[in-house]
Amino acid sequence: MEKVMNILKPKPNPQQQLRDWQRRLCQECRNIERQIRDIQREEKSVQKAIREAAKRNDMVSAKALAKEIVRSRKTVTHLYENKAQLNSISMHLGESVAIARTVGHLSKSADVMKLVNNLMKAPEVATTMQEFNKEMTKAGVIEEIVNDAVDSALDSEDMEEEIEEEVDKVLTAIAGETAAELPEAIRKEIIKQPAQTSENGQEEEAIPEGVDDEEELEEIRARLAKVRS
């Protein structure tokens, strides 16, 4: 019955289809903006915790929290890139509709196809872009994209190395003179403190002393991870 209804349902004209796509793209952009605001708001409380840890000369906690801030800022950069690509899709669709007024149908767009393909790899908008992929393929705007890969760049080893390089910069910028006042040798020794070894010989992550306990540090990490997801 559903198939019959779909056949009988009038096919939207290019202008109607465009308005619907642009409305949904605009909604995705608003969702991204809200996520960015949530991340930046949470970062302020983490910055305060870093300054407090630095005053206590607890650079282990300060580094752990600074690392989370670096991750969050990279996520924000990634989200801004996603938003820019969503806006580009909307712009190219507008151009396609202008052409459709002349030829009577939507034509394929290599630019839209490339942007949709890129965004299908972004975890934040992957589900939405998979829906767009199906709809735009059916409308003749793009060819079907078969790509189940999810972009895991934020979790790659290269990204981890990049994050480590940024941590000291974040500590200096946030903790300021407090962190700078520590003797460099001591500061580096504390920051690079090796993991503790348990009785069974396995390494355990050192528990920062600046945060009241490990649970509180994990709570901060969990809050940041939540707004980044």
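The values are calculated or read from the model by the stated rules, or taken from the named source; none is laboratory data. Here the structure is a predicted model, which is why all the values come from computation and not from measurement. Heads up, the Cβs are rebuilt from the backbone with ideal geometry, glycines too, and the neighbour counts pull from every protein chain shown. Each accessible area value is taken on the protein alone, full model and side chains, heavy atoms only, with ligands, DNA and RNA left out. Shrake-Rupley method; radii C 1.70, N 1.55, O 1.52, S 1.80 Å.
In region 78-85 there is at least one residue that is open to solvent by 70 Å² or more (accessible area, probe 1.4 Å), under 23 Å from Glu164 (Cα atoms) and under 14 Å from the mean Cα position of the chain (by Cα). Taken together, the criteria exclude Lys44 from residues that are outside any helix (DSSP H, G or I) and open to solvent by 40 Å² or more (accessible area, probe 1.4 Å). Residues in region 100-114 that are part of a helix (DSSP H, G or I) and either modelled with pLDDT of 95 or more or surrounded by 14 or more Cβ atoms within 10 Å (Cβ to Cβ) (or both): Ala100, Asp111, Val112, Met113, Lys114.
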